[in-house]
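The values are calculated or read from the model by the stated rules, or taken from the named source; none is laboratory data. Note that the structure is a prediction, hence the values are computed from the model and not measured. Neighbour counts are summed over all protein chains in view; Cβ atoms, including those assigned to glycine, are modelled from backbone coordinates with ideal geometry. Surface areas here come from the heavy atoms of the whole protein model, side chains and all, with no ligands, DNA or RNA. Shrake-Rupley method; radii C 1.70, N 1.55, O 1.52, S 1.80 Å.
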Amino acid sequence: MSAETLEGRRPSPARERILETATRLFYTEGVHSVGIDRIIAEAGVAKATFYHHFPGKDDLVRAYVVQQTSLQHTLVTTLRATSPREKLMEIFAYMCEFGAGTSYRGCPFVNTAAEYPDPAHPVRQAINEYRHWVRGLYRDLLAADGHPDPERTADIVLLLRDGLVVGFDLDDPATVRAAVQEALARVLAT
């Protein structure tokens with residue numbers, strides 16, 4: 001969440017265009033391969049406007065990660081499942097659907113983490129915050145479903161998620177989907 005949003009003001013249209021442009025380019029081409037000048041040009045903003053909102057590229061990348069996290073939070077709240085187990089299954093069904101799509105270019109968190117190997121970097125810290133949240137979501141759903149070991153199983157489900165997001169990038173989507181469904185069913189049957 002931006003400082004502008006925290007203060008109750010709407011983010012500026014220029015900031016939104018910059019972030020929207022960066023999101024599209026970062027996801028399709030990678031973070032380090034896209035320069036600030038290109039983002040500025042494609043967003044149609046002045047260099048001073050860019051730097052007013054984002055003091056440096058790493059600030060923009062961190063905002064991208066935070067925005068992706070926010071989108072994930074929103075997605076989870078829109079799920080129609082009524083039970084915790086159904087919600088977990090629906091989350092994975094959505095990931096399988098998205099991963100099998102033609103516009104899929106991998107997981108924005110995994111892709112960005114690969115470009116920021118230092119775990120102390122602010123971008124990696126934002127990614128770690130996302131991972132902490134998603135692991136907690138899995139744990140809470142497992143606990144609410146009555147799973148006997150939600151802590152350890154949340155780690156397993158997170159690893160399944162990680163495998164899914166890479167698998168869809170490298171392997172046959174139908175094979176990945178079937179493997180994910182079987183693995184999740186086995187984990188939940190414990």
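Here are the numbers for the structure shown:
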{"item": "Relative packing of peptides 80-86, 160-166 - highest average C-beta neighbours within 10 Å first", "result": "160-166, 80-86"}
{"item": "Cβ crowding within 10 Å averaged over residues, with 96-104, 172-180 ranked highest first", "result": "172-180, 96-104"}
{"item": "The stretch 30-148 - percent relative contact order, Cα under 8 Å, separation 6 or more", "result": "32"}
{"item": "Under Karplus coefficients 6.51, -1.76 and 1.60, residue-wise ³J(HN,Hα) of the stretch 88-97 in Hz, glycine/proline x", "result": "4, 5, 5, 4, 6, 4, 4, 4, 5, 5"}
{"item": "Paramagnetic reach from residue 32 in the stretch 62-77 [backbone N under 19 Å; point 7 Å along Cα→Cβ]", "result": "62-65"}
{"item": "Total formal charge among the other residues, if their Cβ is under 9 angstrom from that of residue 36, Lys/Arg +1 and Asp/Glu -1", "result": "+2"}
{"item": "Answer label for volume of the Cα convex hull per residue in Å³ (calculated), chosen among (1) 163; (2) 115; (3) 132", "result": "(3)"}
{"item": "Debye intensity ratio in log₁₀ form over the Cα atoms of the stretch 11-88, taken at each q of 0.21, 0.26 Å⁻¹", "result": "-0.87, -1.23"}
{"item": "Alpha-carbon centroids, the stretch 49-78 and the stretch 132-150: separation in whole Å", "result": "26"}
{"item": "Surface share of carbon and sulfur [accessible, 1.4 angstrom probe, percent] for the stretch 46-134", "result": "56"}
{"item": "Shape call, the stretch 107-190: gyration tensor on alpha carbons, a/c limit 1.5", "result": "oblate"}
{"item": "Size of electric dipole in the chain: Cβ of Lys, Arg +1 and of Asp, Glu -1, about Cα centre, debye, nearest 20", "result": "360"}
{"item": "Cα-projected label distance for residue 145 with residue 104, points at 7 Å along beta-carbon direction, nm", "result": "2.0"}
